Each structure stands twice: as C-alpha cells, then as structure tokens.
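Right, one structure below, let's go through it.
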2 protein chains.
Amino acid sequence: MKKNRVMIAGFGNVGRGVMASIRNNPDMELVGIASRSPERVKKELKDAFPVYKLSDVSAWSREVSPDVVILCGGSKADLPQQGPELCKYVNTVDSFDNHSRIPEYFKAMDDAARSSGHVSVISTGWDPGIFSLERVLGNSFIPGARAYGFYGLGPAGGLSMGHSDALRTIKGVKDARQYTHAIPEAVDRVRRGENPALTPGDMHSRECFVVLEPGADPAEVTKAIVSMPGYFEPYDTTVNFVSQEELDTVYKGFPHDGVVITAGKTGADGAHSALAEYRCAWGSNPEATANVLVAHARAVIRLAAEGRKGAFTILDIPASYFSTLSREELLKHWM
Amino acid sequence: MKKNRVMIAGFGNVGRGVMASIRNNPDMELVGIASRSPERVKKELKDAFPVYKLSDVSAWSREVSPDVVILCGGSKADLPQQGPELCKYVNTVDSFDNHSRIPEYFKAMDDAARSSGHVSVISTGWDPGIFSLERVLGNSFIPGARAYGFYGLGPAGGLSMGHSDALRTIKGVKDARQYTHAIPEAVDRVRRGENPALTPGDMHSRECFVVLEPGADPAEVTKAIVSMPGYFEPYDTTVNFVSQEELDTVYKGFPHDGVVITAGKTGADGAHSALAEYRCAWGSNPEATANVLVAHARAVIRLAAEGRKGAFTILDIPASYFSTLSREELLKHWM
C-alpha cells in the first residue's frame, strides 16, 4: 500500500500528538516536520525525521512533495499568517479555533487555496470540528431545537488552555491552570428539552489553580482574576493558591471533555420528546485534536484527488472520507 | 421561497411522522401521498392531500413531479420491491433497516437509480443512519477502537417493533410488546475503554409484555418465547402477562433510545483515554425516523441538483446538505 505522505508544520503539543497519531493510522506516513525553530525540533527528535525551516516552504514543498501538511500552530498568531501562505504551496488541514473569526479565516484560506489549486480543510478538532458537525446534525434532525455545548462534565472538569494563558498574564501570577466545569442543573434543563435561554455564567463555572510570584498579594490577584472581563467576570470563579510542585504533579496533563445537546419535540402537536447528545472525553486534549486532524488529512487527500479546490470544513465532507475502509466494508460493517 | 416538493410513499406510522415533520420544516411542502390503499388514506386525511395508487407511479410521477419521494414502507417486504421500482421514476429516500441486507439493497438501488438518472438515499433514520455515521466517526477519530451500540438505556427501555412482531407469531399470544434494555455493566465496561468482546446476551436483556389468547397456557407461551432462536434465546428474557387494557394504556407509544460508544486510547504509548459517545432518545421512534428522512430528502434534492446519480448513504453526504442554513450562516453560527 502506498502510504499518504504527511508533513507537520509547527511542533508543539498538537504537533507531537499528530506524530503519535500518524503511527496509529497505518495508511499514513510522516515525511517531515516544518518548524520556526528547526534546531529545537531536530534535537528533540534525534533526527528521526527530516526537519525544515517553516519559512522555506517554497523549497521544502518541492523537495518533500507531501500529500498534505497538518498545520499545528496556534490560532491567535500562527495560523492567520501561516495558513494562507502555506496553502499557496501545499494542501493543508488545521485546527483554527477562534470561533468568531472562522468566517474571515475561511475566506482567506479559500481565496489562497483556490488560486493555487489546493485543498485546505480548516478549523477541525473536537470543537470546532466534531462539535460543529453535531450542532448541525442536531439542528437538522430536530428542527427548532437549539444545540447547546457544555464543557468539563467530569468531576475534574476540563483544562482550558486559553483561560490558563489568561491567568498567566495577571501581575503576581507565576503559573496557573484553569479548569472549566459544566453546571449540572443547566445540563439537566437542556436535556429535559426546556430549550432555556442561558447566559455563559449559567452554563459553566471556572476553577483556577494559581502559583503566586514571591511577595504577591493573594487578595489582589483573586480580585484581578474574578473581575477579568470575558474570561472570568461572567462566571462563578474559584481561585485556589497552590505551590508550583502541586500544580506540576496534581494538575498536570491536558484532560478535556464536552457535550453537544439538542433537545426538542417531534410530531404534529409536538407531543413526543427528542434528545440527541454527543459527548467526548479526552485524557489529552492536544492528542484528541491531533487524531481528528489526521482523519481530516485523509479527507484532504481524497478531495484533492477529485480535483476539488479551496477551503472546506467538516460540514462539507462526507464521513466516509475520514475512514480507511472501502465503500463495501462500510456498507457491510458500519451501516 | 420555492418550497421543496415532497411526496410520501406508504402511509403507516413513519408516513404519518413524515407528514408531521414536513410541517416542522418550513422549506418543505407535501404535494401528495402514494399508497397501496389510497381509499384508506383519503378517508384518514379527509382529502387534505392528493392520494395516488402506489403502483401507478408512471402516471403520478409525471402528474405531480415531486422533487423527492420519501419511501415509508417496511424493510421486509415493501422496500426491496418498491425501492428499485420507484427510483426508475423519481428521486427517493428510505429507511431500509435490515442491516445484513444493506449491501444487496444498495446495489439494487444504485443500479436502478443510475440507469434512470435519479438520486436515492437509502437506509437512513437513527439506526441505520445517524448511528452508522457515528460508528464511522468514532472509528476514524479513535483508530483501533470498536464502536458499540446499546439500546434501551432509559428506565423504560426501548420498544422493539421487530421483537414485538416476533412475539405475536407465537401460538397463544394475542398481543404483545417487547422492550429492550441495555445491560448497565456492559455499557460501563465499554465506557471505561476495555474494548470487551461481548455477545448479544452480554449487552441487552429483553422484557416482554404479553396478552394471552383465552385458554392459552402461560408456561408454554413463556417456554416458546425464551427459546425462540435469534430473537430471545440468546438473551436474559423476562415475560410478563398483562391484560389487553393494560397493554394499551401502560405500554403504549413507540419510545426508543440508544447510544453508540467508541472508547480507546491516544498518544504514542496509548497513555491517554479517549471516549466518544452519541446518544439519542425519542418519545416516538417512527417520528424520529421521519425527521431524519426529511433532512435527507433535502440532501437528495441537492445531490440531484449537482447532477449526481445513483444510491447514497448518510456516509456519502456532507452534513451541510441536511441543513436549511447557508454556508455563511453555518460558518458564523455553527462552526
């Protein structure tokens, strides 16, 4: 079997997850890594894979000729710049996750990919990504029902990288991690089909574990956290001060989980209840994103083989394109 | 807005559900019903819609010219005959649910639809249908994990029409309904990621509510039920005898629910847990099927407008095709 030739662009937690995921997908082969810091990556990987300077894309795209490049940079600064540049040279897939800027990012990627004749699947992972798909399915199959997303349903909650980063910008905070908790009463109301109007603070609470800088005032830091607009002010926020050692040992890893719930009614008189609910729980959030990216890399290659061009999201792709199985196998075993 | 012109072929519980669902989908318009018993349907609907004789398809397909016909016949005798015949004249969608015969039915529909230039989406509903999609997504996003289906997770269990019908074939049974229950310990093992080897009897138990014919022997009927191969023999089966009145009042309606669970590991050393779970619960099983059929009718029309031909399943269709929303709305609100 000729394997799919995959490159990784950006080698942080998601990039490492993609490397692991490629090993778990027998049709995929990692043929190189592009990084802004190739020396760091070469050292970490002990020359197991060719490493290129990200900005030398016109050279490495010709030399390596990957079927698809999985972009693993951050959504804030990396992808808006790297995405439209890289898709001039190669097919790409990324996990751009700044929800409010997705239309704008889609347009930039679509324009660049169309004019260069490439395929770019954007904004995939579990949210946006699987959850986007489930929101659309829920809303299509139960018309009129709203699709609600909750995060951190397990007892430990879900680690939010964005909110952890926000905590670290506060004066007096040396290190921090933020766990999001779904509010069980709100989840229950949605499951019951009430279709309630919920504010962000009705749906989630936030739990912070903070290591203080020497001499920082806990009361002042707490005040700065709970009053932070957007990130913490709208929520019931708890601040716990811990030692660096405790943070590194007890609050390690990247667990996250969430659920999309759509509830409504069916029938002529709306007599019958209808509930659709997709839940996922991941021991490692970046590895989850990586797994979804790799399945979408397979779809990118198929779309490109069909001669398609431009930007796509998970909403534009048939599920069979994510699978290694043939139509016959899918009809026989999975329908 | 020009509405999508939909016909219903076959007017039982699913057909009635489709009629109700079309009212809840503002882009859809019911333009006629085809039935083997048009007089019965005319009477029931008090001439609210034109009703045609199913076998007169060459006439009504020209007269009504529907965009799509939703086939609501049964999978055992109706669809294998009606499907390939009707798709010579019109675009169709159906809920053929005999899992083991789907490859054969797909081929018959694909051949007939291709040669007549129509689109036929087959085997959709919640299982097969949404569950097929979730099995493929689970297996694609968590490679190596098996996707398990459980039914009847709620306290009441799920009403199985097929098993209820099987009970009614037994000598001495006047009427009956069968509720399927998922075995909670098996669900827990799958959720924990054990990927266990489970027999049908490990996963579900069966609860029967039976009305006896006058003079029938309860012990003999019980023995005949619990020893019935395939249907009851492999399961822990409970038989309860009730009066017709109790059956009609307490065990009425068509509730059903189920879950697809895929659990596995991510990462280089499989260090991190991964769980994906799709659950749905419906007060009315036929109305659930109807809602999914109507969303797929929208997809049929779009596939036909693209000039596509032949048979399709939910695995071949992008999620956006099920939605009334535009690409811009989907990118803005649902990604």
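Within the range B:130-284, how many lysine pairs that are 8 or more places apart, or on different chains, have C-alpha atoms less than 28 Å apart? Kindly include the intermediate steps, with their values, before the conclusion.
Working: B:LYS171/B:LYS223; B:LYS171/B:LYS252; B:LYS174/B:LYS223; B:LYS174/B:LYS252; B:LYS223/B:LYS252.
The number of close lysine pairs in the range B:130-284 is 5.
In chain A, helices alone account for a calculated mean residue ellipticity at 222 nm of -10500 deg cm²/dmol, with every DSSP H run of four or more residues adding -39,500 (n - 2.57). Once the dipole of the range B:12-137 is set up with Lys and Arg at +1 and Asp and Glu at -1 on Cβ about the Cα centre, which of B:VAL64, B:MET28, B:VAL93 lies farthest towards its positive end? Farthest along the dipole direction, towards plus: B:VAL64.
Using heavy atoms of the protein chains and a probe of 1.4 Å, the accessible area assigned to B:THR222 is about 40 Å².
When the charge dipole of the range A:130-284 is built from unit charges on Cβ atoms (+1 for Lys and Arg, -1 for Asp and Glu) and taken about the Cα centre, the candidate among A:GLY157, A:VAL190, A:PRO200 whose Cα reaches farthest toward its positive end is A:VAL190.
In terms of its C-alpha gyration tensor, the protein assembly as shown comes out prolate, because a/c is 1.5 or above and the ratio a/b outweighs b/c.
With r as the distance between the Cβ atoms of B:ARG23 and B:SER58 and R0 = 22 Å, compute the FRET efficiency 1/(1 + (r/R0)^6) and round to 0.05. Please list the in-between numbers first.
Numbers: r = 29 Å, r/R0 = 1.32.
Step by step, r from the Cβ atoms, then E = 0.15.
In this structure the amide hydrogen of B:GLY74, modeled in the peptide plane, comes within under 5 Å of the amide hydrogens of B:LEU79, none closer than 5 places in sequence on its chain. Taking 8 Å as the Cα distance limit and 6 or more residues as the minimum spacing, I'd like the relative contact order of chain A as a percentage. Result for chain A is 20 percent. Inter-chain Cβ neighbour count for B:16-29, averaged per residue, equals 3 (cutoff 10 Å, partner chain atoms only).
Using a/c under 1.5 as the rounded threshold, could you call the range B:1-71 rounded, prolate or oblate? The axes a ≥ b ≥ c are square roots of the C-alpha gyration tensor eigenvalues, and prolate needs a/b larger than b/c, oblate otherwise. The partial results should precede the final answer.
Values: a/c = 1.81, a/b = 1.19, b/c = 1.52.
Oblate, since a/c reaches 1.5 and b/c is not below a/b.
Rounded to the nearest 20, the Cβ-based charge dipole of the range A:1-91 about its Cα centre (Lys and Arg +1, Asp and Glu -1) stands at 140 debye. Once both labels are positioned 7 Å from their Cα atoms along Cα-to-Cβ, the gap between B:ASN98 and A:LYS46 label points is 5.9 nm. Look at the alpha carbon pairs under 8 Å that are at least 6 residues apart: their mean separation over the length of the range B:199-335 gives a relative contact order of 17 percent. Distance between the 7 Å Cα→Cβ label points at A:SER37 and B:ALA77: 7.3 nm.
Under the simplified labelling scheme, the A:ASN13-A:ARG114 pair shows an inter-label distance of 3.6 nm, with each label point 7 Å from Cα along Cα→Cβ. With a cut-off of 19 Å on the backbone N, the residues of the range B:170-184 near the modelled label site 7 Å out from B:LYS223 along Cα-Cβ are B:170-174. Please report how far the C-alpha centroid of the range A:41-82 lies from that of the range B:265-335, rounded to the nearest whole angstrom. So the two Cα centres are separated by 33 Å. Across B:THR262, A:THR249, the residue with the most accessible area heads the list, and the full order at a 1.4 Å probe is A:THR249, B:THR262. Normalised per residue, the accessible area of the range A:178-278 is 48 Å², obtained with a 1.4 Å probe and no contribution from ligands, DNA or RNA. Take each peptide in B:193-202, B:278-287, count the other Cβ atoms within 10 Å of every residue, and average; sorted highest first, the result is B:278-287, B:193-202.
Judged by the mean number of other Cβ atoms found within 10 Å, the most tightly packed of the peptides B:208-221, A:296-309 leads the ranking A:296-309, B:208-221.
Hull surface divided by four, with the convex hull built on the Cα atoms of the range A:130-284: how many nm²? Could the numbers behind the result be given before it?
Details: hull surface 38.4 nm².
Averaging across all directions leaves 9.6 nm² for the Cα convex hull.
Relative contact order, whole percent, for the range A:130-284 stands at 30, derived from Cα pairs under 8 Å and 6 or more residues apart.
List, by residue number, every residue in the range A:251-269 with a reduction of 30 Å² or greater in accessible area between the chain on its own and the complete protein assembly, 1.4 Å probe. By number: A:THR266, A:GLY267, A:ALA268. Between the listed residues B:PRO234, B:GLY258, B:SER273, the Cα displaced farthest toward the positive end of the dipole of the range B:130-284, a dipole computed from Cβ unit charges relative to the Cα centre, is found at B:SER273.
I need the shape label for chain A. Rule: rounded when a/c is under 1.5, else prolate if a/b > b/c, else oblate, with a, b, c from the alpha carbon gyration tensor. Display every interim value, and only then the final one.
On the way: a/c = 2.00, a/b = 1.15, b/c = 1.73.
Cα axes put chain A in the oblate bin.
In terms of overall dimensions, the C-alpha atoms belonging to the range B:66-196 reach 50, 49, 23 Å along their principal axes, ordered largest to smallest. Chain B against chain A buries an accessible area of about 5600 Å², both chains summed, 1.4 Å probe radius. The portion of the accessible surface of the range B:73-156 made up by carbon and sulfur, rounded to a whole percent, is 50 (1.4 Å probe; DNA, RNA and ligands excluded). Given the range B:212-335, what whole percent of its Cα pairs are spread farther than 18 Å? Here the tail beyond 18 Å accounts for 77 percent of pairs. Placing +1 on each Lys and Arg Cβ and -1 on each Asp and Glu Cβ, with no other charges, gives the range B:130-284 a dipole about its Cα centre of roughly 420 debye. The trypsin sites (Lys or Arg not before Pro) found in the range B:171-245 that occupy coil by DSSP, while having at most 15 further C-beta atoms within 10 Å, are B:LYS171, B:ARG192. Calculated FRET efficiency, B:PHE241 to B:ASP269, Cβ-Cβ distance, R0 = 45 Å: about 0.20 to the nearest 0.05.
Place a +1 charge on the Cβ of each Lys and Arg in the protein assembly as shown and a -1 charge on the Cβ of each Asp and Glu, then give the dipole magnitude about the Cα centre in debye, rounded to the nearest 20. Intermediate results must be reported in sequence, preceding the final value.
Details: 74 positive and 80 negative charges, 346 e Å.
Around 1660 debye, computed over the protein assembly as shown.
The values are calculated or read from the model by the stated rules, or taken from the named source; none is laboratory data. Computed from a predicted structure; not experimentally measured. Note: ideal-geometry Cβ built from the backbone for every residue, glycine included; neighbour counts use all protein chains shown. Keep in mind that these areas ignore ligands, DNA and RNA; they rest on the heavy atoms of the full protein, side chains included. Shrake-Rupley method; radii C 1.70, N 1.55, O 1.52, S 1.80 Å.
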